[in-house]
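Peer 1: Please find one structure pasted underneath; my questions will follow.
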Amino acid sequence: MAERVVPLRLAQIPNALTIARFAAIPVFVALLVTADGGHSWPAAIVFGAAGVTDQVDGWLARRWHVESRFGSVADPLADRLMIDTAVVGLFLHGRLPWPALALIVARDLVLIGGYKFVVPRGYELSVNFVGKAATWILYAALAFMLATTQGTDWPYVLFWIGLALALVAGASYVFSALRRQP
């Protein structure tokens, strides 16, 4: 691992952004619960800001050479929780169909459960471009769903593209782990 290139105080920013994303989840839930049919600009802004911090924290950690064990676990967990919360909320508001809810939650349960299975066996999960693209697209699609009224179709197209990429990325993690088994 390369040597840290910033003072310790700045080196803590990426993990602080991840923690802020966890802290934003209850705020997002409160805004989503009071949303009119799943349409809420404030919820969309909080959710979109979470998506931006996801990109910024990882970029800073890599650029400053301050990647941490905490960040490697907490960052994707914060994403899963924020995205799953949005999907559940939009489902409850009638904005997403049950297959979307089932696929997102199942994928994330497999990823989280799989993590506990493969890491003790020596396999290191690394984020790939497809997984990052899926997360970016899902954040964008869900934020746009929150910002638009029901009947606006294009955020759904974006959502299904993001979900397809997420499933491909999840499958690649599983197959990679199975190939590496002794």
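Peer 1: Between rounded, prolate and oblate, where does region 130-169 land on the alpha carbon gyration tensor, with a ≥ b ≥ c its root eigenvalues, rounded for a/c under 1.5, else prolate if a/b exceeds b/c?
Peer 2: On the way: a/c = 4.01, a/b = 2.11, b/c = 1.90.
Note, shape of region 130-169 comes out prolate.
Peer 1: Averaging sequence separations of C-alpha pairs under 8 Å and six or more residues apart, then dividing by the length of the chain, give the relative contact order as a whole percent.
Peer 2: Values: 178 pairs, mean separation 46.8, N = 182.
In percent, rounded to a whole number, it is 26.
Peer 1: Obtain the nm distance between the two label points defined at A49 and R9 by a simple spin-label model: each point lies 7 Å from its Cα along the Cα-to-C-beta direction.
Peer 2: 2.3 nm
Peer 1: Where a ≥ b ≥ c are the square roots of the eigenvalues of the C-alpha gyration tensor, would you call the chain rounded, which needs a/c under 1.5, or, failing that, prolate if a/b is larger than b/c, or oblate? Walk me through the numbers on the way to the answer.
Peer 2: Details: a/c = 2.21, a/b = 1.33, b/c = 1.67.
Since a/c reaches 1.5 but b/c is at least a/b, the shape of the chain is classed as oblate.
Peer 1: Which Cα, out of G94, A44, G113, lies furthest along the positive dipole direction of the chain (beta carbon charges, K/R +1, D/E -1)?
Peer 2: G113
Peer 1: Separate question: Picking from F22, F144, F129, which is most flexible by a Gaussian network model of the chain using Cα springs under 10 Å?
Peer 2: Maximum among the listed residues: F129.
Peer 1: How would region 34-89 be classified by its alpha-carbon gyration tensor: rounded, prolate or oblate, with rounded meaning a/c under 1.5 and the a/b versus b/c comparison settling the rest?
Peer 2: Details: a/c = 5.24, a/b = 2.20, b/c = 2.38.
It comes out oblate by the Cα gyration axes.
Peer 1: Okay, next question. At L109 and S172, where each label point lies 7 Å from the Cα along Cα→Cβ, what is the point-to-point distance in nanometres?
Peer 2: Here the modelled spin labels are 2.5 nm apart.
Peer 1: Right, next: Please calculate how many Å² of accessible area the chain carries per residue, with a 1.4 Å probe and no DNA, RNA or ligand atoms counted. All intermediate terms of the calculation are to be shown ahead of the outcome.
Peer 2: Details: 9910 Å² over 182 residues.
Here the residues of the chain average 54 Å² of exposed surface.
Peer 1: Continuing with this model, one more query. What is the sum of charges, Lys and Arg at +1 and Asp and Glu at -1, for the other residues whose Cβ falls under 11 Å from the Cβ of A20? Mind dumping the intermediate values first?
Peer 2: Values: positive: R21; negative: D54, D57.
Result for the neighbourhood of A20: -1.
Peer 1: So how much slack lies between W136 and F22, counting 0.36 nm per residue of separation and subtracting their Cα-Cα distance, in nm? Please list the in-between numbers first.
Peer 2: On the way: separation 114, 0.36 × 114 = 41.04 nm, distance 1.74 nm.
Between W136 and F22, full extension yields an extra 39.3 nm.
Peer 1: Choose one answer from D57, D36, D108: the residue with the largest mean-square fluctuation in a GNM of the chain with alpha-carbon springs under 10 Å.
Peer 2: D36
Peer 1: What net charge do the residues around V46 carry, taking every other residue with its C-beta under 14 Å from that of V46, with Lys and Arg at +1 and Asp and Glu at -1? Walk me through the intermediate numbers first.
Peer 2: Numbers: positive: R21; negative: D54.
Counting the neighbours of V46, the net charge comes to 0.
Peer 1: Carbon and sulfur together cover what percent of the accessible area of the chain at a 1.4 Å probe radius? Each step should come with its number before you reach the end.
Peer 2: Values: 6990 of 9910 Å².
It is 71 percent, rounded to a whole number.
Peer 1: Right, here's the next one. Once the Cβ-Cβ distance between R69 and D153 is put in as r, and R0 is 35 Å, what FRET efficiency do you end up with, to the nearest 0.05? It would help to have the intermediate numbers written out before the result.
Peer 2: On the way: r = 42 Å, r/R0 = 1.20.
In this case the efficiency is close to 0.25.
The values are calculated or read from the model by the stated rules, or taken from the named source; none is laboratory data. Fair warning: this is a prediction, and the values are worked out from it, not measured in the lab. All Cβ positions, even for glycine, are placed from backbone atoms using ideal geometry, and neighbour counts span all protein chains on display. Accessible surface is based on the protein model in full, side chains and every heavy atom, while ligands, DNA and RNA are left aside. Shrake-Rupley method; radii C 1.70, N 1.55, O 1.52, S 1.80 Å.
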